[in-house]
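The values are calculated or read from the model by the stated rules, or taken from the named source; none is laboratory data. The structure displayed is predicted, hence computed values, not measured ones. No Cβ is skipped: glycine too gets one built from the backbone with ideal geometry, and neighbour counts run over all protein chains shown.
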Amino acid sequence: MRRMTTEHVTPRWAVGQRASSARVAGHRVRTLLRTGTVCAFLLALAALPTRAAAQQVSRADSAAVLLAGARLLDSRGESEAADALYALLVERFGDTAAAQAARERLRVPTASRSTRSGRVELQVWTTLYGLWLGVAVPAALSADGPEPYGVGLLLGGPAGFLTGLNLARSRDLTDGQARAITLGGTWGTWQGLGWAQVFDLGEETVCNGDVCFFEDSADEKFAAMIAGGVTGIAVGALLSRKNIPQGVATAVNFGALWGTWFSWAGAYLADLEDDNLLTATLLGGNAALLATALAAPRWNISRNRARLISIGGVIGGLSGLGVNLIAQPSSDKLFVSIPLVMSAAGLAISAAATRDYDARPAGGGNDFDASLLRLENGTWSVATPMPVPTLLPVEHAGRTAWRPALGVTLLRARF
């Protein structure tokens, strides 16, 4: 007996109909995608003017924010930072109204702007000087017990602070003007001590029988230091009535210090001793201070560049001291000559490496300036290489992996 089974057989026309339906659906999907793409493209074209307008508004707003920040820095006396923002504003947003205001502001010399940035420096220095007078005045008066010195410390600090505060309130002092006063006081104090030593102030001849010796009394030396400091403050206050740029004040300060070092080293190598050595040192420092004060305004140097040049000399001098510690020269003159030459070389190299420092646009060229050697339009220069984050390929188990690292660019060239 045969078993009857029933199987569902799909007719061929039904299969064809399903295939046709699938093709129709795919065609509809593709049509919708094409239509959507066209619509999106048209919408993008329609949105271009709106985006351009929004971008223009964004540029104007960004420029206005930079202008407000620069004006805030300018009002606080941070003129160099304000000028950097003004320059960045002109460079990046030159077509905005804020950039025009920045151009007008940059036309005004920095030194002629009324700032109060020297207030803090003057108040800090006068406070320290008041504490110094609290000790120096009793010493000049030959005070024996500790009580006068205690009273001097209690009164000197507050008196110095209030003096600086009143002076700062009475005038709008820039950093350069305040530095003239503080340098005058500090330099005058050093000069008072030095010349008191040269002229043997406070030294008395004491004889005990047939034996005579010199007895050094400190009270006259302290009196000379006080007189020199007060005189220097008075001279600095007179000079501060003129506009003194920050860079000029910083250059004069460093010039006096470097002149003192070179004068001492040169006098020592010339076999000068005792009072002759000290006299040459004092005169050389004064000559360097005067020469720098006359030349610095023509240099148009910024405070940051003056600092960079000076730190180059410090690095050279300390490197020379390191060479001495390693080589241990037997001659004392050679021991002085090595730091002398290397400090002078450090000053010269740093001055040459930063000769275009003040001319570089703010906010630009950082990548190019981060290299050790630079070749730009046929001119070679040296700069401080800055490490930058990078990725290095590392082979591990037949695979390449990227690891974070720091890289230093040794040479960049621009033609």
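A quick yes/no check of all residues on (1) under 13 Å from L347 (Cα atoms); (2) touching a strand residue (DSSP E or B) at 6+ places or on another chain (Cβ under 9 Å); (3) surrounded by fewer than 20 Cβ atoms within 10 Å (Cβ to Cβ); (4) in contact (Cβ under 8 Å) with a residue 60 or more places away in the chain:
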site	(1), (2), (3), (4)
G255	yes, no, no, no
T260	no, no, no, no
T281	no, no, no, yes
A291	no, no, yes, no
R307	yes, no, yes, no
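Does L321 satisfy the criteria of being part of a helix (DSSP H, G or I), free of Cβ contacts under 8 Å to residues at least 24 places away in the same chain and not β-branched (V, I, T)? Yes. Look at (1) surrounded by fewer than 16 Cβ atoms within 10 Å (Cβ to Cβ); (2) in contact (Cβ under 8 Å) with a residue 24 or more places away in the chain and you find that A270 fails only one, number (2). In the range 258-272, is there at least one residue being over 19 Å from L340 (Cβ atoms) and in a helix (DSSP H, G or I)? For the range 258-272, residues over 19 Å from L340 (Cβ atoms) and in a helix (DSSP H, G or I): absent. Restricting D200, D144, D175 to residues that are buried (at least 22 other Cβ atoms within 10 Å of the Cβ) and acidic (D, E) narrows the list to D175.
Within the span defined as the range 117-135, one or more residues are modelled with pLDDT of 85 or more, surrounded by fewer than 19 Cβ atoms within 10 Å (Cβ to Cβ), more than 30 Å from I244 (Cβ to Cβ) and touching a helix residue (DSSP H, G or I) at 6+ places or on another chain (Cβ under 9 Å).
Output the residues belonging to the range 129-159 that are assigned to a helix (DSSP H, G or I) and under 13 Å from D219 (Cβ atoms). Before the answer, list the steps.
The first filter runs over the range 129-159 and keeps only residues assigned to a helix (DSSP H, G or I), leaving 129-140, 147-159.
Within the range 129-159, V135, A136, V137, P138, A139, A140, P148 meet the criteria.
Residue by residue through the range 207-237, note down the ones that are modelled with pLDDT of 90 or more and aliphatic (A, V, I, L, M). Listed by number, the residues that qualify are A223, A224, M225, I226, A227, V230, I233, A234, V235. Among the residues of the range 56-91, those identified as charged (D, E, K, R) and either assigned to a helix (DSSP H, G or I) or modelled with pLDDT of 75 or more (or both) are R59, D61, R71, D74, E80, D83, E91.
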